[in-house]
Structures are given as structure tokens and as C-alpha cells.
Amino acid sequence: MNHQVKLKRTNRIAEYFVVISSKNTELIAINENEDENFQVNSENYLSLRYEPVVIDRYPLVDRFSATSSNSMCDNTLKLPEGIEYFCLPNGLFLYPIIQKPLFHSFVHTTEDGSRKLGCCLTIYEPLSQAQQESLFTQITTSQFRYREHFSIYNQISSENNNLLTTTEDDLKAKIASLFIPKCLCLISTWPFMTSFKKFLVGIYNISRMTGDEKLCHVVFVVF
């Protein structure tokens, strides 16, 4: 029996370029234990996983094979489902200090046994203004509920109330100093790991020099 893995290669060096992070407009914490009382607060926001999504990609639609009709996409050329979890296998966390860029690769196997190779460069950037506001609102809402709950039973002292107020005053500064991972990923049927790593680093450096946050604008020119 032939156990050789199929490599359905195309003439393109890479099939897709994707960018994975949290939504630019908000942060959605994952309730992993399905806790009915789950909420984001000032004690747990750094230990929670947040929902990763594809925030940009090129091309915008899935590839078609040369033999497939325009109305039907070849499953082996589709953008892999759950790509965000291949790109951020440990989950998406917030960090109080910037982390070093990380490179890793993965193999995705389709139903027919063919494979796609993914090369990922994870960088760390400050939260967007919208993400900061989203996190601040979630934390302060939980603090308000805490204060409201204990005030009903007169169990919150003026000292504790002042502490909560002080925490809220400092919270925006703490949130503004947080960093969030962003993964840049090339998906290909060719195992050119070293070249892909250099390409991803180059794309990121070009975007920083040009100030163009839409990395796919740079990739569009290169592709």
C-alpha cells in the first residue's frame, strides 16, 4: 500500500496570505468553562483567551483549480477552516510587555490526503483605540456590578469604594500599555520555510516603514 502523502502543488509559490488577530473593533473573551457568571474583570483579563479571527487576507476569495468550474471551488485549494487556531495554537492572550516575534509552521491535511503548509510570523502590537475602549467597558461594567451588589447589603466600605474608583482611574493607562498578538501567515504547497520566513519578515518591515497597516496592500504588490 502506498502511504506517500499527496502534495497537490500549483504554479503559485503561495496560495494565501492571511492576518490573524482579534477583531479591530472589540475584544471578545472566550468563556471556556461555560460559566454563567463569566465576566471580564481587573483580576482576570490577562489570563483569559480572546477570540481570534481572520482580519485580512489575500486573495479575498478562495482559489479555484484550473480544472474546476467557475461555480465550484476545489476543496483542496480552499482556505483551511479554523486557520486562526493553526496560526495561534496557544490561544490569543493580552500581554503587559511586548513579546519577541515568533516563527512557526504547520501542516494542514485535506480530506483527500493532500497537504498545505503554513508558515507563520507572530508579532505583537499595541491595542487599537477601539479594542482599548472595548476592554475598558467590559472591566468597568463588572466593577459596577460588584459595587452595586455589595452596596445593597452595605458590605462595601468607603475605603473599598475609593479603591475601586482609583482602579478605574488607572485602568485606561494599563490597558493602553497592553500588547496583542498578530499572526502573518503564508499558506503554500511548497516547503520553502526559510524563504517564507524571510518574506514574512520583509512584508512586516515594509509595512512599518510605509505606515501601511493593511499588510495585504503590500502583499498584493508582491504577488
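Remark: spin-label model distance N205-S177 equals 3.1 nm, labels positioned 7 Å along the Cα→Cβ axis. Do the alpha carbons of any pairs in K78/K116; K23/K174; K23/K197 sit beyond 22 Å of each other, and which pairs? Distance filter (> 22 Å) returns K23/K197. For the range 114-130, the Karplus equation 6.51 cos²θ - 1.76 cosθ + 1.60, evaluated at θ = phi - 60°, returns couplings of 6, 10, 10, 9, x, 10, 10, 10, 9, 10, 10, 10, x, 5, 5, 4, 5 Hz by residue, with Gly and Pro reported as x.
Computed from the C-beta positions of V54 and F136, the FRET efficiency with R₀ = 41 Å rounds to 0.95. Ordering of 86-93, 179-186 by packing is 179-186, 86-93, highest average first (other Cβ atoms within 10 Å, averaged per residue). The label point for E81 and the one for E111, both projected 7 Å from the Cα toward the Cβ, are 0.9 nm apart.
Taking other C-beta atoms within 10 Å as the exposure proxy, R57, R208 rank R208, R57 from fewest upward.
Be a star and scan the range 84-103 for residues whose amide nitrogen sits under 19 Å from the point 7 Å along the Cα-to-Cβ vector of M193. The answer is 86-90, 101-103.
Remark: the D170-L46 segment gains 43.1 nm on full extension, using 0.36 nm per residue and subtracting the alpha carbon distance.
The residues packed around I30, meaning those with a beta-carbon under 14 Å from its beta-carbon, carry a net charge of -4 if Lys and Arg are +1 and Asp and Glu are -1.
No lab work stands behind these numbers, since they all come straight from the coordinates. Because the structure is predicted, anything quoted here is derived from the model rather than measured. For neighbour counting, all protein chains shown are included, and Cβ atoms are generated from backbone atoms with ideal geometry for every residue, glycine included.
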